[in-house]
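The values are calculated or read from the model by the stated rules, or taken from the named source; none is laboratory data. All figures in this text were calculated on a predicted structure; none of them were measured in a lab. Cβ placement follows ideal geometry from the backbone for every residue including glycine, while neighbour counts extend to all protein chains displayed.
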Amino acid sequence: MVLEASIKSIDLSIGYEYDYGVLWVVNSVNIVVWRNTTYCIIGESGCGKSTLGNAMAGLLPTYAYTNGYLEVEGRIVVRGDETNYNGVRGRIVTRIPQDPSSALNPYVTIGEQLVKVIKHHYGVRENPLEKAGKLLKLVKLPLEVIDYYPHELSGGMKQRAAIALALAPMPKVIVADEPTSSLDAYLRGVVASLLKRVQRELNLTLVFITHDIALASTICDYITVMYAGTIVEEGASDKVLHNPLHPYTQLLFKAIPKLGSRETLSTIPGSPPSPTSYPEGCRFRPRCPVGFSECYKAPKLIEVEPQHKVSCWRYA
Amino acid sequence: MSNSALLQVIDLYVNYRIVRKFTDIISRVRSAVADVSFTLNEGETLGVVGGSGSGKTTLLKTIVGILKPSKGEVVYRGVSVHNARGELKKKIMAEIGYVPQEPSQSLDPRMKISSSVTEPLRALRISKSDRYERAKHILKVVGLPEEVLELYPRDLSIGMLQRVAIARALITKPKLVLLDEPTSSLDISTQAQILNFLREMREVFNLSYILVTHDISVASYLSERLAVMSHGTIVEEGPANEVLEEPLHPYTKVLIEASKLREIEESLEEASAGCPFINLCTFKTSTCFRELPPQIVIGARRVKCWRYSNK
């Protein structure tokens, strides 16, 4: 299989206005997402992973500042401070929201919402209602749901309906922004398996944003770890998971409680920096247990082994 | 009754009334907690695991006295929590700490941290200077600087807020602390900090915990005993290592599978009568379709499943 780039970014930075200046919450990100793969973005809250996802999905607020270059399915959407998502949103890329109950319109039945999206993109030529039924079948919801209002569905069913809604315009790329964070552990597994199955069946590119590493490990082909607006590690999922190289990734993996293990968890000292006060040089430096003098300069993302990149001076 | 029993929950039912104004003339009653009994010994931690809507939070709220049971009793050191009055009630309430879900929502945004933390003491009629001294002390214990007292919840990170919420529960010097999803809104690194911190607090104050969570690996990290809850009832209970190594109930098996993240596809739909887990189970018999399973005691464990009724 020849790998083709679906999403490509070069030195992409995204920022918001702050105290007469621009606060860059995503800094010089270079990523390539291959077509028909699942790409995970892992990071803690406030690391810029949702902003990056919104940039891919064309849902950045109008007051956001951009810099660099971003391409989605061959269409240039960000170049310098200009953005152009015309014809990209919907037909090419859609987003699955974090909280389905706030994304679904409470006054409109699920069926009507689906039909509205299908009509908007494809008109009435292909029976939209039939298509809506097919979408519900794809996400394993019973057909009756077409006449249900969102409040009549449980949390897991709502998330399934939100996935069906995201699939309605038949996109090529889906950005799932923490789709499982409002669900319990059991439903989390179910929804993640569903997304993976849909991705395989429809040959989609799935960008999966999460802070749940265990979940990412089961469904992803590629993993990117973000910290304080930068990418610290990137690569094929088995390489990153079995051989984490960046000290942050290593510590993060050790902090997950294992089933049945009662050993004391290792923690990362301190807390993540806020975008207003990023430290100089490597942004993990103040919390890093193995830092040295070189770390006062910003490291670059370098390839340590095939399909495994890390941004740390220890491997330079 | 053994002497070391700290808390006993006896045959507890909590019902909510579903009011349908127009369709039903008689309002229906649904049990959020049904037929729950367990005993918690001093210094022990019980992990209550279950999916959303299984009645975990309702159970905690009933134990702490926010909700009233429809049937059954909660007994703390031989005294019924809901029937106690006056000084005795105050004493019991001081000895049971409660950390609600979502620290950012349970702390009043208009109150300074100092007033939030000392609020339980105000209810106990403790003088103002004493309250402030104890707040200062407890913040030191939970590892927060003293300046935090003068701040508002918006000034703190979510991990710090969780520590404040725990400090508020610990300020009355409780013996039992009820934790409602203490880590579900936290990041992994903060979660590890809070879990280690809870363990440390348990040793420092010789506490008992009831830890409610949907994540079985978080529960197994802190608890000696596990209770798996679903559809308002405890379907399996026993020592944590035994439950994890050899789960008896099909729902426990599914939860353990989910935490190991095998790909799961089957759906957990509610059956009309009989055991609610028919869809998950491979050993179902005709009895399972007709009747709810009884509680069966096997050694130190209890399970609600027809499969073990002959043993």
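Per-structure values
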{"item": "Number of positions in segment B:39-86 that are in contact with an Asp or Glu (Cβ under 9 Å, 6 or more places away or on another chain) and under 30 Å from A:Thr180 (Cβ atoms)", "result": "13"}
{"item": "Qualifying residue in segment A:256-279 (condition: away from chain B (no Cβ under 13 Å), at pLDDT 85 or above and part of a loop (DSSP other than H, G, I, E, B))", "result": "yes"}
{"item": "Filter pass, B:Ala227 being part of a helix (DSSP H, G or I) and crowded, with 24+ Cβ neighbours inside 10 Å", "result": "no"}
{"item": "Unmet criterion (only one of (1) in contact (Cβ under 8 Å) with a residue 40 or more places away in the chain; (2) more than 24 Å from A:Lys196 (Cβ to Cβ)) for A:Met56", "result": "(2)"}
{"item": "Enumeration of residues in segment B:79-99 that are among the hydroxyl-bearing types (Ser, Thr, Tyr) and touching a residue at least 60 places away in the same chain (Cβ under 8 Å)", "result": "B:Tyr98"}
{"item": "Condition broken by A:Ser102, with the remaining ones in (1) touching a residue at least 24 places away in the same chain (Cβ under 8 Å); (2) under 21 Å from the mean Cα position of the chain (by Cα); (3) assigned to a helix (DSSP H, G or I) satisfied", "result": "(1)"}
{"item": "Residue in segment A:138-161 that is within 16 Å of A:Thr37 (Cα to Cα) and among the aliphatic types (A, V, I, L, M) present", "result": "no"}
{"item": "Listing of helices (runs of 4 or more DSSP H) fully contained in segment B:51-110 that carry 2 or more residues being farther than 24 Å from B:Val29 by Cα and at pLDDT 90 or above", "result": "B:86-95"}
{"item": "Residue under evaluation A:Thr94, criteria (1) outside any strand (DSSP E or B); (2) surrounded by 18 or more Cβ atoms within 10 Å (Cβ to Cβ), criterion not met", "result": "(1)"}
{"item": "Elements of type helices (runs of 4 or more DSSP H) in segment A:165-247, at least 1 residues being surrounded by 23 or more Cβ atoms within 10 Å (Cβ to Cβ), within 14 Å of chain B (Cβ to nearest Cβ) and in contact with a His (Cβ under 6 Å, 6 or more places away or on another chain)", "result": "A:185-202"}
{"item": "Hits in segment B:171-193 - residues which are under 17 Å from the mean Cα position of the chain (by Cα) and either over 21 Å from B:Leu60 (Cα atoms) or surrounded by 21 or more Cβ atoms within 10 Å (Cβ to Cβ) (or both)", "result": "B:Leu176, B:Val177, B:Leu178, B:Leu179, B:Asp180, B:Glu181, B:Pro182, B:Thr183"}
{"item": "Test for A:Leu143: is it among the hydrophobic types (A, V, I, L, M, F, W, C), within 14 Å of chain B (Cβ to nearest Cβ) and in contact with a helix residue (DSSP H, G or I) (Cβ under 7 Å, 6 or more places away or on another chain)", "result": "no"}
{"item": "Single residue of B:Glu237, B:Glu203, B:Glu150 found to be within 30 Å of B:Pro276 (Cβ to Cβ), of a type in the set (Asp, Glu) and modelled with pLDDT of 90 or more", "result": "B:Glu237"}
{"item": "Residue list for segment A:64-86, filter: touching a Phe, Trp or Tyr at 6+ places or on another chain (Cβ under 7 Å) and in a loop (DSSP other than H, G, I, E, B)", "result": "A:Ala64, A:Asp81"}
{"item": "Pick from segment A:4-55, criterion among the acidic types (Asp, Glu) and more than 19 Å from A:Val240 (Cα to Cα), ranking: modelled with the lowest pLDDT", "result": "A:Asp19"}
